[in-house]
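Asker: Below is a structure I'd like to ask you about.
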Amino acid sequence: MGPATSDDKKSEICFFDLETTIPERRGQGFAILEFGAILVCPKRLVELKTYSSLVRPDDLSSISPASERCNGITRGAIANAPSFSQIADQVHDFLHGRVWAGHNIVRFDCVRIREAFEKIGRPAPEPKGIIDSLALLTQKFGRRAGNMKMATLANYFEIGKQTHRSLDDVRLNLEVLKYCATVLFLESSLPDILTAEGPVSPRPTTRSSSNGMSSPEWPSPNMHTLSPSLTSKIVPNSSPRDLENGEHDHVISLPTCHTGEVNSDASDPAQRDPFDMGLLRNEIKTEALQSDITMEEKPELESPGMSPATAMAEGCSGYAGFLEPDEVSKTYISASLIPYNCGTHRVKLLHKDVAFQLFCPRLRVRFGIYTKFLDQAGRPRLSFVVDASPSLCGVLDACNEVAKKVSEDCGSGSVWRHVVASNPHYSNSPTVRLHIPTVVKGDTAQYATEIHQKDRSGTVQKLVFSKYDPAELGNLLRTGIFVDAFFGLDTYDYQQSAGIRLVAKKLVIHSD
């Protein structure tokens, strides 16, 4: 077969999969051990071209016994394999300019590809678009097989076992998609017969990975056209196999306590066509931004009371209702499930039945702007660490207990991460991390946090940034600087890690 033309490449779908090492310690990272890909004709679903290769990592000792058990790739089998730099041309040729497809590739495989090319100093291939079968099947097929692992789906349809080798898994992924699509097509043809009184709702919902309770969960950014950079935060000690198979669901919201709800998309003419991929693409692309623009969500209620925080924020709309830690009555802290996106729910922290927001003056910056993790468009997810006073720690401890209980009561199996970090080896150790979200308007990224600067005379001026520049912001939020912070308390449940995220709505940075 001759080389593909530019137009041909645009129409081909590249299904691919990686096998990697399993990190044994924090910060170790993943090393690619095998790459496998198949070019597929999207109109006939036939294989056009295949490629696979073992990959020798820089450090063979990174192939641990756990890694060998996961995919069967041993140090001996890979000792004479080419390095990633030696197969980078082939990998780039297969991926660049094509639609990428695979199971949970947005959060795992795509990230590893970008990391591998960055490590060898080469530009990473860019996709024309991405189809993540984990998000697509979760949204359209649901967890009728039990969970969204590829092995479980394959067993459900009795089409073979997952070998955890790249090329085999790619072919299995394609077959699973074919079977799921066929089932959905048949159900949409005779919804009253094929979905009535069935074991699953025709409107699939996701479920908790721990116990399978009904869980209308996360807006997953898994079928859309992606911007150049792509990476994600990986929970330490998470198996790459778990990440590839979606055991760590892309979840920001928490499971609801409702069960047994059945709604039929096909029988309700007001419902959208389950095969309208254009609607799904737009829906997911929009929702993918939510984790970065929580600042745009308005509290359900405004506190009628005026605290010192309100006076300080005078002239800035939307800052009434922030409480200083000493003003908080811990007995009035509560949490409830509220609607989120597309029928999902999440935990909302309240104080006296009002959206809980805090104001903390003169927080000392312990560590400046952190930029390691990127969002879907390749922009750093910004955060910084401040010292936490005893009163703030007490309030956050109370919030932690309340939110954790609601999370556990509703079936989340995620490990709860305390919002206050403490290290007994350091004095004044308690710290908290404040997140600075971004919002995109057109092609321009802006800080969703309102940022001001206060000089020695006490004059406060709002800062206007001409561009999104983490380095510029880092020069302002340096270690030792004091900052007045207005922030909300958002809960998350993501990759089997759950907790409270402090999202800055307004910052007043003190001059030296």
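The values are calculated or read from the model by the stated rules, or taken from the named source; none is laboratory data. Remember, it's a predicted structure, so these values are computed and weren't measured experimentally. Please note: Cβ atoms are built from the backbone with ideal geometry, for glycine as well, and neighbour counts cover all protein chains shown. Note: areas computed on protein heavy atoms with side chains; ligands, DNA, RNA excluded. Shrake-Rupley method; radii C 1.70, N 1.55, O 1.52, S 1.80 Å.
Asker: Which value, to two decimals, describes the C-alpha radius of gyration of region 344-409 once divided by 2.2 N^0.38 Å?
Answerer: Cα-based Rg divided by the globular estimate yields 1.41.
Asker: Ignoring everything but the protein chains, give the 1.4 Å probe accessible area of Ile481 in square angstrom, nearest 10.
Answerer: Per-residue accessible area (Ile481): approximately 10 Å².
Asker: Once amide H atoms are placed 1.01 Å from N in the peptide plane, what residues at a sequence separation of 5 or more from Arg143, or on another chain, have their amide H within under 5 Å of its amide H?
Answerer: Thr205
Asker: Turning to a different aspect of this structure: Over region 445-505, what portion of Cα pair distances is larger than 19 Å, expressed as a whole percent?
Answerer: Of all Cα-Cα pairs in region 445-505, 46 percent lie more than 19 Å apart.
Asker: So, one more: How much solvent-accessible surface does Ser407 expose, in Å² to the nearest 10, with a 1.4 Å probe and all protein chains in place?
Answerer: Ser407 exposes around 0 Å² with every protein chain in place.
Asker: Let me ask something additional. Provide the FRET efficiency to the nearest 0.05 for the Leu190-Glu327 pair, computing r from the beta carbons and using R0 = 60 Å.
Answerer: 0.50
Asker: Next question, about the same structure. Once ligands and nucleic acids are excluded and a 1.4 Å probe is used, how much of Ser466 is accessible, expressed in Å² to the nearest 10?
Answerer: In the full protein context, Ser466 sits at about 110 Å².
Asker: Karplus couplings for region 361-367 from phi (6.51 cos²θ - 1.76 cosθ + 1.60, θ = phi - 60°), rounded to Hz, Gly and Pro as x?
Answerer: Taking θ as phi minus 60°, the curve returns x, 6, 7, 8, 6, 8, 10 Hz for region 361-367.
Asker: Another question about this same structure. Along Cα→Cβ, 7 Å out, is where each label goes; now give me the distance between the ones at Thr182 and Lys161 in nm to one decimal.
Answerer: Between Thr182 and Lys161, the simple spin-label model gives 2.3 nm.
Asker: Mind checking the per residue accessible area of region 119-194 for me, 1.4 Å probe, whole number of Å²?
Answerer: 48 Å²
Asker: Please list, short to long, the whole-number percent of alpha-carbon pairs of region 375-502 in consecutive 5 angstrom bins beginning at zero.
Answerer: 2, 8, 16, 18, 18, 16, 12, 7, 2, 1, 0
Asker: I've got another one for you. Go from 0 up to the bin containing the longest alpha carbon distance in region 72-195, width 10 Å each, and give me the % of pairs per bin.
Answerer: Result returned by the calculation: 11, 34, 31, 17, 5, 1.
Asker: Are any of the pairs Lys467/Lys506; Lys140/Lys404; Lys43/Lys178 more than 23 Å apart by Cα-Cα distance, and if so, which?
Answerer: Over 23 Å Cα-Cα: Lys140/Lys404.
Asker: Which chymotrypsin sites (Phe, Trp or Tyr not before Pro) from region 56-139 combine a DSSP loop assignment with at most 10 other Cβ atoms within 10 Å?
Answerer: When the chymotrypsin sites (Phe, Trp or Tyr not before Pro) of region 56-139 are filtered for loop state and at most 10 Cβ neighbours within 10 Å, nothing remains.
Asker: What whole-number volume per residue, in cubic angstrom, does the convex hull of the C-alpha atoms of region 1-109 give?
Answerer: Normalising the Cα hull of region 1-109 by residue number yields 123 Å³.
Asker: Let me ask something else about it. Can you give me the long-range amide H partners of Ala355? Hydrogens built in the peptide plane at 1.01 Å from N, cutoff under 5 Å, separation of 5 or more residues or another chain.
Answerer: Here Glu300, Leu301 satisfy the definition.
Asker: Now for a separate question. With all protein chains present, how much of the accessible area of region 401-478 (probe radius 1.4 Å) comes from carbon and sulfur, to the nearest whole percent?
Answerer: Its accessible area is 45 percent carbon and sulfur atoms.
Asker: Right, next: Using a basic spin-label model with each label point 7 Å from the Cα along Cα→Cβ, how many nm lie between Ser457 and Leu45?
Answerer: 7.2 nm
Asker: In whole percent, and with a 1.4 Å probe on the protein chains, what portion of the accessible area of region 137-197 is carbon and sulfur?
Answerer: Result for region 137-197: 52 percent of the exposed heavy-atom area is carbon or sulfur.
Asker: While we're on this one: Asp353 to Lys467: FRET efficiency via 1/(1 + (r/R0)^6), r the Cβ-Cβ distance, R0 30 Å, to the nearest 0.05?
Answerer: According to the calculation, E is roughly 0.15.
Asker: Extension gain Glu175-Arg75, at 0.36 nm per residue separation less the Cα-Cα distance, in nm?
Answerer: Full-extension gain reported as 32.9 nm.
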